[in-house]
Amino acid sequence: MSSPSTFEDYIQTDACDLYVRRSGSGPTVLFFNGSGASIASTQFLLDQLAESLDLIVLDQRGLGKSTIPPTPWTMADYARDAKHVLEYFDIDQCGVMGMSFGGMVALEFAVTFPEVISRLCLWCTSAGGSAGSSYPLHTLGDKDPDERRRISRMLTDERFTDEWLEEHPIEKSLMTFIEHADLEPVSPERQVGLDAQLSARSGHDVADRLGFVTAPTFIGCGRFDGLAPLENSQALHKRIENSTLKVYEGGHMFVVQDKEALPDATSFLTL
């Protein structure tokens, strides 16, 4: 349980310098962002979580303000980065939350360091292997722009056809925001980080190690998620003992589509 003061600084590991932010007051929770995301790009969500949590979040290696170590990287590298962060703060155990790619990192962390996790919250993610994989995002670069746009919309929410979006202005605004963000220029250095992340993501598979997850686990998924399909969350629920599954009325971004999602997560993590 921390004070409301905010920590923002670099934490050195044996591989890179990780930019870390710690803020809020409440039970300590380590948060993992999704593919390509950074502290800056998800500030709206992090601020809400920090209203009831002592929230620790890092820019994953090669993204945001963190430095870029030599590639290639594996999911185990991301888990070790997180362990370094907790060791820096002298934290023996805390809650862990991850969304999308961050959920994959959280799972790798959970099966590698199960004793560190008091509670585990997984949003819109997959275990990989026989428990189901999320869409292979590393293949999108091979598509022409129109096809990539169409696929990206269906991955975000399987209902997101042009016709459906015209009838649902809130979701249309969400998709427009996402598409405009994707058009932002990326430096060559950051592209290295993005590509290395997608490469590590393509090898994600903890399906046969889910028995090592011992902490109470909350699994949230969107009913219309095309990126991390519902059946992948159902497989997680089936294989993780002491887990709870809730299906939200939305897609991969159900956190902004279903008003119950955020309160459910914070309620679970503050128990």
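Before moving on, here are some points about what is shown:
- The listed residues are S199, S152, and the only one of them that is touching a Pro at 6+ places or on another chain (Cβ under 8 Å) and closer than 28 Å to T71 by Cα turns out to be S199.
- Only one of the listed residues (A196, A215) is buried (at least 17 other Cβ atoms within 10 Å of the Cβ) and over 23 Å from Q60 (Cα atoms). That residue is A215.
- Residue list for the range 262-271, filter: assigned to a helix (DSSP H, G or I), among the hydrophobic types (A, V, I, L, M, F, W, C) and surrounded by fewer than 23 Cβ atoms within 10 Å (Cβ to Cβ): L262, F268
- The number of residues in the range 241-271 being in contact (Cβ under 8 Å) with a residue 40 or more places away in the chain and closer than 25 Å to L155 by Cβ comes to 12.
- Residue selected from the range 105-134 under the condition under 15 Å from S243 (Cβ atoms) and touching a Phe, Trp or Tyr at 6+ places or on another chain (Cβ under 6 Å), by the criterion surrounded by the fewest Cβ atoms within 10 Å (Cβ to Cβ): P114
- Checklist (1) under 24 Å from E249 (Cα atoms); (2) surrounded by fewer than 22 Cβ atoms within 10 Å (Cβ to Cβ); (3) touching a residue at least 40 places away in the same chain (Cβ under 8 Å) applied to V85, failing item: (1)
- Residue in the range 64-71 that is part of a loop (DSSP other than H, G, I, E, B) and among the basic types (K, R) present: yes
- Any hit, the range 201-217, residues being farther than 22 Å from L271 by Cβ, at pLDDT 95 or above, assigned to a helix (DSSP H, G or I) and in contact with a strand residue (DSSP E or B) (Cβ under 6 Å, 6 or more places away or on another chain): no
- Boolean, V206 is surrounded by 18 or more Cβ atoms within 10 Å (Cβ to Cβ), farther than 22 Å from P263 by Cβ and touching a residue at least 24 places away in the same chain (Cβ under 8 Å): yes
- Elements of type helices (runs of 4 or more DSSP H) contained in the range 73-177, each with 1 or more residues being at negative phi and hydroxyl-bearing (S, T, Y): 75-88, 101-112, 145-156
- Filter result (surrounded by fewer than 19 Cβ atoms within 10 Å (Cβ to Cβ) and either among the charged types (D, E, K, R) or not in a strand (DSSP E or B) (or both)) within the range 231-256: E231, Q234, H237, K238, R239, E241, N242, K246, E249, V256
- Boolean, T74 is among the hydroxyl-bearing types (S, T, Y) and either surrounded by fewer than 16 Cβ atoms within 10 Å (Cβ to Cβ) or closer than 18 Å to T125 by Cβ (or both): yes
- Note on the range 1-55: enclosed strands (runs of 3 or more DSSP E) holding 3 or more residues that are over 23 Å from P263 (Cα atoms) are 7-12, 17-23.
The values are calculated or read from the model by the stated rules, or taken from the named source; none is laboratory data. Note that the structure is a prediction, hence the values are computed from the model and not measured. Quick reminder, even Gly has a Cβ in these numbers, built from the backbone with ideal geometry, and neighbours come from all protein chains shown.
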